[in-house]
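The values are calculated or read from the model by the stated rules, or taken from the named source; none is laboratory data. Given the structure is predicted, the values throughout are model-derived calculations rather than measurements. Counting neighbours? That spans all protein chains shown, and the Cβs are built from the backbone with ideal geometry, glycine included.
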Amino acid sequence: MRLKNKLAIVTAAASGMGRAGVHNFVREGARVAAIDISAEALDALVADFDAGSVVPIIADLSTADGSKNSIDQAASELGGADILWAHAGMPGPASVENLDMAAYQKAIDLNVTSAALGAGQVTEHMRSRGGGAIVFTSSVSGLVGSMMSPIYSAAKWAVVGLTKSLSLALAGDNIRVNVVCPGLADTPMKIGFTGRSGDPAEAAANEAKLMAAVPMGRLVKANEVADAVLWLVSDEASFVTGVALPVDGGFTAR
């Protein structure tokens, strides 16, 4: 098992990619603290596992206290931390015209600030165990511009920059820092990117437009992203740090 006896924390853990990541980590021998805002979804997640394999923690990661306290609570309940997958995020406003500042700030807080605060809280826990691995979730929109989601794109570029900076700062502590950059995914969040207006025809047209630019011609699956993260946090990637890994069917290869 690739993560035998490891202690892992996953944020936005109760659905989509995060849920697939929890399943991967537990299957590979880790004990996992799953952080999410939805108590109902966490209950459903925990029900998939033997007692004690997954510790549920309810938190609003769009707030500073939620980000900080949930990481400390997770490390306390696990008895430490070896792995953090900071996965929380949201699409944010579709335009900078007549920008809704509350929606803008929430998108920045969830996509960027929660990642920075989570990493800041977990590093001391990792140092005490001799090192660790942090993975953030960015997006292909953090590698190339997104015409549909400018705020999301700006936030996810920031996450890539955060990754590269922290990988240098924490290398001496044996803490590796990487970021996964998925393409448009077949998860519940998809409609937040393609169908903000609520018009199904517009959502379908936007998805078709995006798929036309993907050489492999399909959406990425949640488990495909979770599998990439599993590799990044495992000892198989022991000399990999500072990497922004696209999981995008060739979208960014053009």
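This table checks each residue for (1) at pLDDT 95 or above; (2) out of contact with any helix residue (DSSP H, G or I) (no Cβ under 6 Å at 6 or more places or on another chain).
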{"residue": "ARG127", "(1), (2)": "yes, no"}
{"residue": "THR137", "(1), (2)": "yes, yes"}
{"residue": "GLY145", "(1), (2)": "no, no"}
{"residue": "VAL160", "(1), (2)": "yes, no"}
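Tell me yes or no: at least one residue of segment 100-112 is in a loop (DSSP other than H, G, I, E, B), at pLDDT below 95 and either of a type in the set (D, E, K, R) or on the phi < 0 side of the Ramachandran plot (or both). Yes: one or more hits.
The sole residue among THR163, THR187 that is assigned to a loop (DSSP other than H, G, I, E, B) and either touching a residue at least 60 places away in the same chain (Cβ under 8 Å) or surrounded by fewer than 20 Cβ atoms within 10 Å (Cβ to Cβ) (or both) is THR187.
When ASN174, ASN178 are checked against the criterion of being of a type outside the set (D, E, K, R) and over 14 Å from the mean Cα position of the chain (by Cα), a single residue qualifies: ASN174. Residue count for segment 137-148 satisfying the condition of being outside any helix (DSSP H, G or I) and buried (at least 23 other Cβ atoms within 10 Å of the Cβ): 3.
Against the criterion of being touching a residue at least 24 places away in the same chain (Cβ under 8 Å), crowded, with 24+ Cβ neighbours inside 10 Å and outside any strand (DSSP E or B), MET126 qualifies.
Yes/no matrix, rows are residues, columns are (1) of a type in the set (S, T, N, Q); (2) part of a loop (DSSP other than H, G, I, E, B); (3) closer than 18 Å to ALA119 by Cβ:
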{"residue": "PHE49", "(1), (2), (3)": "no, yes, no"}
{"residue": "GLY52", "(1), (2), (3)": "no, yes, no"}
{"residue": "ILE57", "(1), (2), (3)": "no, no, yes"}
{"residue": "LYS68", "(1), (2), (3)": "no, no, yes"}
{"residue": "GLN73", "(1), (2), (3)": "yes, no, yes"}
{"residue": "TRP85", "(1), (2), (3)": "no, no, yes"}
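Just one of the listed residues (GLY66, GLY21, GLY52, GLY89) is surrounded by 15 or more Cβ atoms within 10 Å (Cβ to Cβ) and modelled with pLDDT under 95, namely GLY89.
For the subset of segment 190-233 comprising residues that are in contact with a Pro (Cβ under 7 Å, 6 or more places away or on another chain), part of a helix (DSSP H, G or I) and buried (at least 18 other Cβ atoms within 10 Å of the Cβ), which member is modelled with the highest pLDDT? Out of the qualifying residues, it is VAL225.
The number of residues in segment 50-93 being in contact with a strand residue (DSSP E or B) (Cβ under 8 Å, 6 or more places away or on another chain) and in contact (Cβ under 8 Å) with a residue 60 or more places away in the chain comes to 15. The single condition among (1) surrounded by 23 or more Cβ atoms within 10 Å (Cβ to Cβ); (2) free of Cβ contacts under 8 Å to residues at least 40 places away in the same chain that SER38 does not meet is (1).
Taking every residue in segment 94-121 that is farther than 20 Å from SER67 by Cβ and pairing it with any residue that is at pLDDT 90 or above and in a helix (DSSP H, G or I), at least 6 positions away or on another chain, the pairs with Cβ-Cβ distances below 6 Å are VAL96/PRO150. Filtering segment 92-118 to residues that are crowded, with 20+ Cβ neighbours inside 10 Å, of a type in the set (Gly, Ala, Ser) and within 13 Å of ALA158 (Cβ to Cβ) leaves GLY92, ALA107, SER114, ALA115.
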